[in-house]
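Inspection log for the structure reproduced underneath, given as structure tokens.
The values are calculated or read from the model by the stated rules, or taken from the named source; none is laboratory data. Remember, predicted model here, so these are calculated numbers, not experimental data. Quick reminder, even Gly has a Cβ in these numbers, built from the backbone with ideal geometry, and neighbours come from all protein chains shown.
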Amino acid sequence: MKTQFLAWLCIAIGGGFGALGRFAIGEWIQARAMGDFPAGTLLVNLSGCLVFGLLYGWLGSGISQQLRGLLFTGLLSGFTTFSTFGFEAVNLLQRGQQGIALLYLAASIVGGLLAVWLGLTIGGGGIGKAEG
């Protein structure tokens, strides 16, 4: 039980720092970007994927449950869940499971867009709704 609590604590601490980092870095980049393109979000997502790949490549899966929770489930997933999405898709492709990988990619992207649209529709809101 104590080990489980420590793993959860590591995830919570990492997640908090990851979310703060996402906000700070994303806002900093977006303030310097031109136009409406979400450069902050894009660069956070891409850098999170790069760091996930680097750390996993260097550390492998042979690290403790607490460190894995702190770094991957906490810090990087708090920074961007896109890094986990990318890792899982590449992992499926590397294992030769192209069909499952394509299904996962399509379901995540199309399903995610549909879920946002559905939530906005049910909630009566909309992104960029015209005022007036």
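Here are some notes:
Conditions tested, residue by residue: (1) farther than 26 Å from GLY112 by Cα; (2) of a type outside the set (Ser, Thr, Tyr); (3) touching a helix residue (DSSP H, G or I) at 6+ places or on another chain (Cβ under 8 Å); (4) outside the structural domain of ILE100 (by TED's automatic domain parsing).
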{"position": "LEU9", "(1), (2), (3), (4)": "yes, yes, no, yes"}
{"position": "ILE13", "(1), (2), (3), (4)": "yes, yes, yes, yes"}
{"position": "GLY18", "(1), (2), (3), (4)": "no, yes, yes, yes"}
{"position": "GLN66", "(1), (2), (3), (4)": "yes, yes, yes, yes"}
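- Whether a residue is of a type in the set (Ser, Thr, Tyr), under 15 Å from the mean Cα position of the chain (by Cα) and within 26 Å of VAL90 (Cα to Cα) was assessed, and SER61 does not pass this test.
- Residue in segment 51-69 that is of a type outside the set (Lys, Arg), surrounded by 13 or more Cβ atoms within 10 Å (Cβ to Cβ), in contact (Cβ under 8 Å) with a residue 12 or more places away in the chain and over 17 Å from PHE87 (Cβ atoms) present: yes
- Candidates ALA24, ALA19, filtered to the one that is among the small types (Gly, Ala, Ser), part of a helix (DSSP H, G or I) and buried (at least 16 other Cβ atoms within 10 Å of the Cβ): ALA19
- Any chance ILE109 is among the β-branched types (Val, Ile, Thr), modelled with pLDDT of 90 or more and either farther than 27 Å from PHE23 by Cα or not assigned by TED's automatic domain parsing to the domain that holds ASN45 (or both): yes
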